[in-house]
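See structure below.
The values are calculated or read from the model by the stated rules, or taken from the named source; none is laboratory data. Keep in mind it's a predicted model, so treat the numbers as computed, not measured. Note that each Cβ is placed from the backbone with ideal geometry, even for glycine, and that neighbours are counted across all protein chains shown.
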Amino acid sequence: MIRIINGTTRVCGVIGNPIEHTMSPMLHNFLAERAGMNMVYVPFRVEENRVADVIKGACGLNILGLNVTVPYKKEVIASLAEIDLGAREIGAVNTLVRVEDGYKGYNTDISGLFRAMTERNISIKEQAVIMIGAGGAAKAVAYLLGREGANTVYLLNRTIEKAVELASDMNRRFAKNVFVPMALSDYQKIPKGSYLAIQTTSVGMYPGTGQAPIEDEEFYQKIHTGIDLIYRPLKTRFMNYVEAAGGITINGLSMLLYQGVTAFELWNERTVSGALVSQAYELLKEALAEYEE
Ligand code: ATR
């Protein structure tokens, strides 16, 4: 792929540490090329305590936008000129967009998951949901479920205290008793029913691919749709269980894809076509397959 970089090329990138394994440059440079945007996207490894300098420097260089990944999604907030409501409420920013006096922070992990679900006609409104995990990624998921009007969310976590904390945060935020915290080991206490389940823990992620957070076929009979935020592997043991019980599944690659597409759209003020999104999905899928060989 030969790209011409000239005096009007806009620069975007991703900051994090480590950053070597990011797939975002591949995604954004592909989208830019196919959508005919004169934009390049590069990875920046940022050392501890340099985030404020980086944002100031990026602003001085007139960098169009940045993604922010682990471990800086929270720390970067102090350096922003503006922040989007959802990002502020979950306290995590993954996308910066240039505004007049600096950057505005967004969380496209939330919108990315929502788009991945909408695309597959999976609704949240009035639904009964089981969420597994109460860490950083779970916060964005819980916020989305609350915002979109889930009926009940059983929030399971190995460490019950974290489930209790996240559930009460969200119940307070949405002024409703939607979230019910539970210890992961108490999963059998979830009432009979048909649930949407979202798996947000790292259990089952490469190299621990032989694991699922709940090892009980009967549990998966309750799930009509299972979403796993993990994308390595593309099909986790959790997803295998859901499918074996007759449910449908979505992997974390769709969420990763849509968080990127949404960031790209914010920077370039244009929408990416469905056809291009599908091509980008195939590209990421192939890259992952190579990575796993
Ligand atoms: P992330 O930002 O990816 O969500 P995190 O904030 O460290 O990462 O959260 C990891 C989540 O995976 C937590 O819900 C964690 O459960 P605990 O709060 O009990 O630590 C969950 N998790 C990690 N390893 C687990 C395991 N072996 N069994 C069950 N849950 C696990």
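Points to keep in mind about this one:
- Test: residue in region 75-92 that is without any contact (Cβ under 8 Å) to a residue 24 or more places away in the chain, of a type in the set (Gly, Ala, Ser) and over 19 Å from Leu256 (Cα atoms): yes
- From the list Thr159, Thr118, the lone residue that is β-branched (Val, Ile, Thr), within 16 Å of the ligand (Cβ to nearest atom) and within 28 Å of Gly193 (Cβ to Cβ) is Thr159.
- The requirement of being outside any loop (DSSP other than H, G, I, E, B) and in contact with a strand residue (DSSP E or B) (Cβ under 8 Å, 6 or more places away or on another chain) is fulfilled somewhere in region 208-222, by at least one residue.
- Region 1-34: number of residues that are under 20 Å from Tyr231 (Cβ atoms), part of a helix (DSSP H, G or I) and small (Gly, Ala, Ser): 1
- Of all residues making up region 247-281, the number that are part of a helix (DSSP H, G or I) and either in contact (Cβ under 8 Å) with a residue 40 or more places away in the chain or closer than 22 Å to His224 by Cα (or both): 19
- For Asn94, the conditions (1) surrounded by 21 or more Cβ atoms within 10 Å (Cβ to Cβ); (2) in contact with a Phe, Trp or Tyr (Cβ under 9 Å, 6 or more places away or on another chain); (3) closer than 26 Å to Val272 by Cβ; (4) not assigned by TED's automatic domain parsing to the domain that holds Val261 are fulfilled apart from (4).
- Region 263-293, residues that are under 23 Å from Val93 (Cα atoms) and polar (S, T, N, Q): Asn268, Thr271
- Checking Gly208 against (1) assigned by TED's automatic domain parsing to the domain that holds Gly86; (2) out of contact with any helix residue (DSSP H, G or I) (no Cβ under 9 Å at 6 or more places or on another chain), the condition it does not meet: (1)
- Sole exception among (1) at positive phi; (2) under 18 Å from the mean Cα position of the chain (by Cα) for Asn62, by number: (2)
- Whichever residue in region 204-243 is within 11 Å of the ligand (Cβ to nearest atom) and touching a residue at least 60 places away in the same chain (Cβ under 8 Å) and, among such residues, is farthest from Leu256 (Cα to Cα): Ile214
- Restricting attention to region 180-206, the residues that are under 20 Å from the mean Cα position of the chain (by Cα), crowded, with 17+ Cβ neighbours inside 10 Å and farther than 18 Å from Tyr220 by Cβ total 1.
- Matching residues, region 129-143, being in a helix (DSSP H, G or I) and either more than 14 Å from Ala87 (Cβ to Cβ) or near the ligand (Cβ under 6 Å from one of its atoms) (or both): Gly136, Ala137, Ala138, Val141, Ala142
- Tyr231 surrounded by 20 or more Cβ atoms within 10 Å (Cβ to Cβ), of a type outside the set (Gly, Ala, Ser) and more than 25 Å from Asn94 (Cβ to Cβ): no
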